[in-house]
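The next block holds one structure in the form of structure tokens; read it before the comments.
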Amino acid sequence: MRLIPVRHAPTLLAVLSLAVISHTAFNASRMTVSLAAIQLKAPTYMVGLLLSLYALLPMLLSLPFGRWIDRVGTRLPMLLGAIGLAVGFSVPAFWHELPALFVNSACVGVSFLLFHMSVQKLTGDLADGPERLRNFGYLTVAYSISGLCGPIIAGFLIDHAGAGVSFGASFAGSTVLIIVAFILLKWRWRFGAVTPAQIAAQPTGATSVRDLLRSSEMRRLYLSVVMVSAAWDVHQFLVPIQGSKIGLSASQIGLVLGSFASATFLIRVLMPWVARHFTEWQMITAVHCVAAVVYVIYPLVHVHAGLMFLSFVLGLGLGLAQPNIMALIHHVTPPGRIGEAVGLRLTMVNATQTVLPTVFGSAGSVLALFMSGTLTFAPLFWGVALMVGSGGVALVRRPPQRGAGDSPRASGDTD
């Protein structure tokens, strides 16, 4: 069996290309904002606020944007998203002041949301069944590549541009990338317009999130979204704190986090092989179980090599989650509401990214007042293990019966 049907190959390649270009520019911008704010002598809380704006507005707008994409298709939102990204990147490229960075954070966060949601919907619409899961596996690999390229490109431009224009050069580089994406989308790859079949499939009358979550399978899926997102974000937050507590150097902590990132990339490359042997729900259940076990053990290991191994195992587990969740969303969502379902998932993901660092940071401060030693933050790790593990137990006891390959349903938006 071919990994991708021939008739879909050019369009999938186009979608993945746009994803890599836009995500590279986005990641370069995020890194540059932090460094530029520090150079402008912004206080720490303001740097945090700049970064939180990338997730705060998308958290509020994901759901209405998703419903709009369902109505108009993906082409117009992608074009508008590209224009918004170009504006957000170009303002601090020419205006080297703190207010320009806030314009960047707000504009880029919202515009990339439009672009990313459209890319995700298109990726799912290009195939059904096992082919859809493979497509999402390719998409997550593409985002892993651009997640690496963005900071490297930004760092190179910052270090090698002339004095006084270094950060502007990085923002200008992001602007050039997104202009390339706009040109390709506007004049080279004409896809993403809403089709008559999709218009006919759209629900009549008012819709609500409650209607979307009426299915028990949808409720379980979104509960898994929250738990997996929490496990991912908490790892990025707690590992530096725990590593410092047990005396690891900054480079050693970086290697622990790097082990996690390399594992997520590896498992996504292997996704086509894994998908031939396990269903989506089986893999998601395994994600919960692996994450729970790793979080139980984490605070008990004080050796650098052991932490790298645990981080790698956790990366293998959590790296499986995103493509499977995205594939299942396309499978179980009622016709005509894919964009809304994608928007709801991104709302939940952005909410965890906005709230969890503050909550766990506050909890860690309280624990430090009453506990000392290498197990000071162990209750935080074990709390995450209990949360994620409970989801795994629920899936084991009452596993959903359907998988994305069981009864493929036709979808459009591939013209």
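Here the contact order of the stretch 210-402, divided by its residue count and restricted to Cα pairs under 8 Å and six or more residues apart, works out to 37 percent.
Value of Rg to Rh for the stretch 238-337, rounded to two decimals, is 1.08; Kirkwood radius and Rg both from alpha-carbon coordinates. If you take the square roots of the eigenvalues of the alpha-carbon gyration tensor of the stretch 1-201 and sort them as a ≥ b ≥ c, do you get rounded (a/c under 1.5), prolate (a/b over b/c) or oblate? Prolate shape, in that a/c is at least 1.5 and a/b is the bigger ratio. Taking a straight line from the alpha carbon of residue 121, these lysines sit under 28 Å away, with near neighbours fewer than eight places off in the same chain left out: 186.
Quick one: order 45, 222 by neighbouring beta-carbon count within 10 Å, fewest to most. Numbers along the way, then the final one.
Working: 45 8, 222 20.
Result, fewest neighbours first: 45, 222.
Karplus-based coupling profile of the stretch 259-270, in residue order and whole Hz: 4, 4, 5, 5, 5, 5, 5, 4, 5, 6, 5, 7, with θ = phi - 60° in 6.51 cos²θ - 1.76 cosθ + 1.60 and x standing for Gly or Pro.
In terms of other Cβ atoms within 10 Å, 354, 264 run from fewest to most in the order 354, 264.
Give me 131, 97, 340 ranked fewest to most by other Cβ atoms within 10 Å of their Cβ, as a rough exposure proxy. Provide the component values of the computation, followed by the final result.
Numbers: 131 22, 97 12, 340 27.
Ranking 131, 97, 340 by Cβ neighbours within 10 Å, fewest first, gives 97, 131, 340.
Annotation: extensible slack from residue 305 through residue 276 equals 7.2 nm (criterion: 0.36 nm per residue apart, minus Cα-Cα distance).
Report the full-extension gain for the segment residue 45 to residue 386: residue separation times 0.36 nm, less the Cα-Cα distance, to one decimal in nm.
Working: separation 341, 0.36 × 341 = 122.76 nm, distance 3.13 nm.
So the extension gain works out to 119.6 nm.
No value in this document is a laboratory result; all are computed from the given coordinates. Nothing here was measured: the structure is a model prediction, and the numbers come from that model. With ideal geometry, Cβ positions are generated from the backbone for all residues, glycine too; neighbour counts draw on all protein chains shown.
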